[in-house]
Structure formats: structure tokens, C-alpha cells
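Peer 1: Below is a structure I'd like to ask you about.
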Amino acid sequence: MKRWQIQPLASEDYTRKALPQKTGNFDMMMSFMMIMFFISNPVGTIAAGPVSFVYWGIGALIFFIPCVVAVAQLGRMFPHEGSTYNWTHKALGGFWSLFASISFWVPGVLATVGSASIGLTFIQGLHPGWLAEPWQQAVVLVVIFLFACVLALRPMRLLQNMVNIATLLTYGIVVLLGVAAVVWIATGHASATHFATPDSWTIKPDNFALFGSVILAYLGADVPIIMAGETNEKYRTGRPLLWGCIFVLGAYFLVTMALMVLQGPNIVNLGNFSIIGSIDMVFGHTVGNIAATCIIIFFPIFVALDQSLFARLLMVTSIDRRLPISLSKLNKHRVPSNAIIFQTVIAIVFTLVLFLSPYVIPIANPAELGANVQAVSLATLVLVWAVSTIFLFVDLIVLYFKDRVWFRAHQVIPSVILWGSVVIAPIASVVAIVVTLNYSQALTIPNDQWRLLVAALTVVSLVASAIGSIFATSEASWQDQVQEAEM
């Protein structure tokens with residue numbers, strides 16, 4: 001065997017010894033289903049009409065499923081903590097693994113802010129006058145981050161149980177939406193969307209922006225596998241990914257169909273709260289309020305899971321001496337406390353800068369700031385995360401040519417599917433970047449301003465990451481030198 005196959009990273013051995021091995025197939029499937037499915041994602045596609053189904057299908061075939069295929073194969077070969085970081089180190093070495101780790105981690109922080117902002121829009125939907133001022137929105141987001149931080153610092157088993165419950169509740173709302181659409185039609189109401197018009201199924205420049213929205217929804221297949229080093233002996237990488245993929249795709253198509261039937265073009269006026277409005281229409285306000293509560297609960301738990309997973313990414317990178325060793329510190333519950341707190345501080349600072357800036361730089365409609373921040377931060381996430389995702393497929397190619405015999409011995413995906421995924425998914429990533437930059441996903445931000453905002457935030461994120469990684473690497477090196485001098 002080659003040296004890179006038999007010599008483990010320090011983080012591989014450490015995590016298996018220091019962290020509880022309690023995560024099973026069901027837990028991983030629930031985490032995958034939570035990370036990969038936001039019930040609000042289809043909302044932005046409904047106004048385009050039935051062509052949304054075409055985009056959801058294309059995105060699944062050329063991006064989501066290929067990503068799941070790549071993660072399943074890499075996870076089978078290297079079932080270690082850190083996912084993309086670990087795999088890239090095996091394929092490309094230390095420098096590129098650090099770059100992959102940083103470009104993987106930055107979207108995680110952006111996802112924290114973006115997802116909390118989505119939760120904010122659901123709270124605003126409960127009452128027209130709630131959280132109209134940016135400072136009020138900032139306070140709510142900070143509370144969400146602090147709650148998520150406290151939860152992430154508790155034992156992983158506690159957080160995992162809450163993730164499992166919140167995920168089941170969310171998918172229960174999906175089923176409820178589907179039932180609502182059936183009841184609506186069965187009781188003699190007409191569909192709000194006309195499906196028989198051929199032109200409504202056509203891909204054209206007016207709806208190109210949907211591709212970026214769909215790819216955003218499908219990003220992150222490798223995130224739950226960050227904690228693969230904490231799985232029990234019954235865990236099998238492919239099983240939770242397969243079933244999770246099926247449930248995620250089914251949920252997106254079901255929510256899209258239900259909202260088209262119940263809301264159609266009217267969804268533009270209701271935004272994310274159209275999900276609750278649809279349930280209100282059919283089952284009444286009591287059921288709608290219960291559904292709203294379940295959806296709102298989802299977001300702080302998602303933030304806690306996101307913080308917990310990406311803190312583990314910092315932890316393993318730190319253990320391998322590519323970041324300051326302090327980020328690998330575990331608390332009494334065996335979770336990376338310093339990394340979680342560090343990420344929470346960054347999310348809070350980022351939020352305060354964005355939401356308090358209107359008091360320094362006047363904007364036309366402060367009440368829309370939350371939705372705009374959500375759109376811009378999530379678009380930036382697409383750009384940065386798409387780069388990170390390409391590493392999955394580069395890793396597969398490099399690992400194959402390093403040792404074809406070993407690769408084939410560990411191959412669990414048929415060659416046609418595996419190499420087809422390697423070819424098509426990176427192309428889809430590049431197309432998603434171009435589309436996301438050129439088509440605004442916020443109704444109140446014109447394309448030119450959108451392009452500037454998203455590009456600027458992306459550049460700032462990458463430059464800050466590069467500077468931070470240089471500083472972190474030098475700090476880690478300095479710590480090593482100090483330890484050697486003291487020996």
C-alpha cells in the first residue's frame with residue numbers, strides 16, 4: 001500500500017479515541033435531511049410557474065445526485081472526521097486541504113446567518129408590525145446565535161435528539177402541505193397555477209436565476225459527513241445518504257407542487273410565510289400556528305447543528321497543526337467548545353455590521369433588510385461553496401490515478417455513474433456561479449447592484465479567509481516551535 005493510504009492524520013486517531021462513537025445511520029440521515037432541506041427554498045421558484053419542476057429535476061440530475069455519489073464514494077474510502085478536508089489531504093496534500101477546509105468553512109458561517117435570517121422572516125410573518133426595524137432584527141438573530149451556541153456546547157447526543165425531532169416535524173409539515181393541496185382540489189377549488197400551458201414549462205432567460213436558487217438548495221451533501229469519525233460500528237456511509245437523498249428530493253418536489261396549487265403567482269406577496277398561509281387556507285389558523293411554531297423551531301436547531309459540524313472542521317484542522325491548537329479544545333461534554341464560540345462571535349459580528357449599517361448608511365426600506373441580507377448572504381454562499389464542492393470531484397480523480405487498484409477495490413459506485421458525476425457536477429457548479437452573479441434573487445435589488453454586492457462579499461470572504469489561514473498557519477507553526485523549545 002502507498003504511504004498516503006496507511007499513514008493516518010493525527011485527527012483521525014484522536015477523534016476516534018476522544019469523541020463518543022454514538023452516531024448511527026438514522027442520526028446521520030436526519031442530519032443530512034436537515035442540512036439539505038429548507039422548506040422555504042421552493043418559495044422563490046414558484047412564481048416562475050411549472051418550469052420550476054424542470055429546474056429542480058435538472059439540478060438533482062447534474063448536481064445533487066452527483067454530489068451524493070461523490071460523498072458516498074469518498075466516505076466509503078475514508079470514513080474520518082472532517083470530510084472534504086480529510087479527503088483533500090489524502091488526494092492533494094496539506095496546502096490544498098487547508099484551502100479546501102477554509103473554502104468549506106466560510107459557507108458554513110454564511111449559512112448560519114442566512115438560515116437564521118430565514119427564520120426571522122417567519123417570525124415577521126406572524127404579525128405585520130413585528131421586527132420592522134433593523135436593530136430589532138439584529139437582536140433576534142443574536143439571540144438565535146447565542147441559544148444555538150449554548151445548545152451546541154451541550155452533549156452531541158442531546159443536540160442530535162433535537163435535530164431528529166425537528167427534522168421529523170419539518171417533514172411532517174411537508175406532508176401536511178401535500179395533503180392541503182389534495183384537499184383544496186378535492187373540495188372543488190381550482191389550482192392557482194395553470195399546468196397545461198406549454199410555454200410555462202420552457203427554460204428561457206427570464207427564469208435562468210432559478211438555476212442558482214436550485215443549486216443553492218442542493219449544496220452541502222458533504223456537511224453531515226464532517227462527523228464521520230463519531231459514528232458507531234453499525235454505520236454505513238451509503239445507506240443514510242441514499243435514503244436522505246430520496247426524502248430530500250421528494251420533499252422539494254412536494255412543497256413545490258403544493259405551493260403552486262395553493263398559491264401560484266400570489267406567492268410573491270406572501271414570501272416565505274406563504275407556507276403557513278397555505279395551511280391556514282385549508283386547515284385554519286390553529287393548525288397554521290402549530291405549523292409555524294414547528295418551522296420556527298427548526299432554524300435555531302439548524303444553526304446549532306451547523307455550528308457544531310463546522311466547529312469539528314476547525315477542530316480536525318487544528319489537531320493536524322494547520323490552525324492554532326486552541327481551536328481543538330474539548331469541553332467536559334467532548335465537543336469543540338473554543339471553535340463553537342469562535343464561530344458564534346463571527347456570526348454575531350457579521351450580523352451586527354449588516355443590520356446596524358442602515359443607521360450609518362441610510363437605505364430606502366429598513367424593514368426589507370432581513371430578506372435582502374438573507375438573499376445576498378445565501379448567494380455568496382453559492383459562489384464560495386461551489387468552489388469547495390469542486391474539490392470532491394478533483395479528489396476522486398487524483399485518488400484514482402494515485403492507485404487504481406486500491407481505488408477499484410474500495411469502489412462502491414458503478415463506474416458509469418461515478419465518472420459521469422465527476423464530469424458533469426463541476427460544470428454545473430461553474431454555471432451556478434455565473435447565473436448567481438448575473439441574476440438578482442432579491443426583488444428590491446437590481447441586477448447591477450446585486451452583482452456588485454455578491455461579488456464584493458465573496459471577495460471579502462475569500463480574502464479574509466486567505467489572510468486568516470496565513471495567520472493561523474503561522475500561529476500554529478509558532479506554537480509548535482515554542483513546544484519544541486520547552487521540551
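The values are calculated or read from the model by the stated rules, or taken from the named source; none is laboratory data. The structure displayed is predicted, hence computed values, not measured ones. Here the Cβ positions follow ideal geometry from the backbone for every residue, glycine too, while neighbour counts run over all protein chains shown.
Peer 1: With respect to residue 120, is the statement that it is of a type in the set (A, V, I, L, M), in contact (Cβ under 8 Å) with a residue 40 or more places away in the chain, surrounded by fewer than 23 Cβ atoms within 10 Å (Cβ to Cβ) and part of a helix (DSSP H, G or I) true? Can you show your working first?
Peer 2: Details: of a type in the set (A, V, I, L, M): yes; in contact (Cβ under 8 Å) with a residue 40 or more places away in the chain: yes; surrounded by fewer than 23 Cβ atoms within 10 Å (Cβ to Cβ): no; part of a helix (DSSP H, G or I): yes.
For residue 120, the condition - of a type in the set (A, V, I, L, M), in contact (Cβ under 8 Å) with a residue 40 or more places away in the chain, surrounded by fewer than 23 Cβ atoms within 10 Å (Cβ to Cβ) and part of a helix (DSSP H, G or I) - is not met.
Peer 1: Still on this structure: Does residue 180 count as touching a helix residue (DSSP H, G or I) at 6+ places or on another chain (Cβ under 9 Å) and among the small types (Gly, Ala, Ser)?
Peer 2: Details: touching a helix residue (DSSP H, G or I) at 6+ places or on another chain (Cβ under 9 Å): yes; among the small types (Gly, Ala, Ser): yes.
Yes.
Peer 1: Can you tell me which residue is surrounded by the fewest Cβ atoms within 10 Å (Cβ to Cβ) among those in segment 177-214 that are within 26 Å of residue 294 (Cα to Cα) and touching a Phe, Trp or Tyr at 6+ places or on another chain (Cβ under 7 Å)?
Peer 2: 180
Peer 1: Also, quick follow-up: State which residue is farthest from residue 380 (Cα to Cα) when the search covers only segment 201-252 and only residues that are modelled with pLDDT under 90 and among the small types (Gly, Ala, Ser).
Peer 2: For segment 201-252, the residue satisfying everything is 238.
Peer 1: What number of residues in segment 4-56 are closer than 30 Å to residue 206 by Cα and not hydroxyl-bearing (Ser, Thr, Tyr)? Step through it out loud before you land on a result.
Peer 2: Of all residues in segment 4-56, those closer than 30 Å to residue 206 by Cα come to 35-56.
Next, from what is left, pick out any that are not hydroxyl-bearing (Ser, Thr, Tyr): 35-39, 41-44, 46-51, 53-54, 56.
Count: 18.
Peer 1: Checking the conditions here, which among 431, 412, 405, 460 is exposed (fewer than 15 other Cβ atoms within 10 Å of the Cβ), within 21 Å of residue 106 (Cα to Cα) and among the β-branched types (Val, Ile, Thr)?
Peer 2: Details: 431 fails: exposed (fewer than 15 other Cβ atoms within 10 Å of the Cβ); 412 fails: within 21 Å of residue 106 (Cα to Cα); 405 fails: within 21 Å of residue 106 (Cα to Cα).
Residue meeting the stated conditions: 460.
Peer 1: All but one of (1) surrounded by fewer than 23 Cβ atoms within 10 Å (Cβ to Cβ); (2) closer than 17 Å to residue 309 by Cα; (3) modelled with pLDDT under 90 hold for residue 106; state the number of the condition that does not hold.
Peer 2: All conditions pass for residue 106, except number (1).
Peer 1: Of 345, 316, which residue is crowded, with 24+ Cβ neighbours inside 10 Å and either within 18 Å of the chain's Cα centre (by Cα) or over 30 Å from residue 43 (Cβ atoms) (or both)? Spell out how you get there, then give the answer.
Peer 2: Details: 345 fails: crowded, with 24+ Cβ neighbours inside 10 Å.
Unique residue meeting the criteria: 316.
Peer 1: Only one of these conditions is not met by residue 426: (1) exposed (fewer than 15 other Cβ atoms within 10 Å of the Cβ); (2) in contact with a Phe, Trp or Tyr (Cβ under 9 Å, 6 or more places away or on another chain); (3) free of Cβ contacts under 8 Å to residues at least 40 places away in the same chain. Which number is it?
Peer 2: (1)
Peer 1: Find all pairs meeting these conditions: Cβ atoms under 8 angstrom apart; at least six residues apart or on different chains; first residue within segment 1-12 and modelled with pLDDT of 70 or more; second residue among the acidic types (Asp, Glu) and not in a helix (DSSP H, G or I).
Peer 2: From segment 1-12, the pairs are 9/320; 10/320; 11/81; 11/320; 12/81.
Peer 1: Same structure again: Among the helices (runs of 4 or more DSSP H) confined wholly to segment 234-338, which include 1 or more residues that are more than 24 Å from residue 216 (Cβ to Cβ) and without any contact (Cβ under 8 Å) to a residue 40 or more places away in the chain?
Peer 2: It comes to 274-283, 285-319.
Peer 1: Anything in segment 116-146 that is over 25 Å from the mean Cα position of the chain (by Cα) and within 15 Å of residue 292 (Cβ to Cβ)? List them, or say none.
Peer 2: 126, 127, 128, 130, 131
A quick yes/no check of all residues on (1) modelled with pLDDT of 90 or more; (2) of a type outside the set (Ser, Thr, Tyr); (3) over 25 Å from residue 103 (Cα atoms):
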position: 330; (1), (2), (3): yes, yes, no
position: 348; (1), (2), (3): yes, yes, no
position: 361; (1), (2), (3): no, yes, yes
position: 385; (1), (2), (3): no, yes, no
position: 406; (1), (2), (3): yes, yes, yes
position: 411; (1), (2), (3): yes, yes, yes
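Peer 1: Out of all the residues in segment 125-148, which are crowded, with 20+ Cβ neighbours inside 10 Å and among the aromatic types (Phe, Trp, Tyr)?
Peer 2: 145
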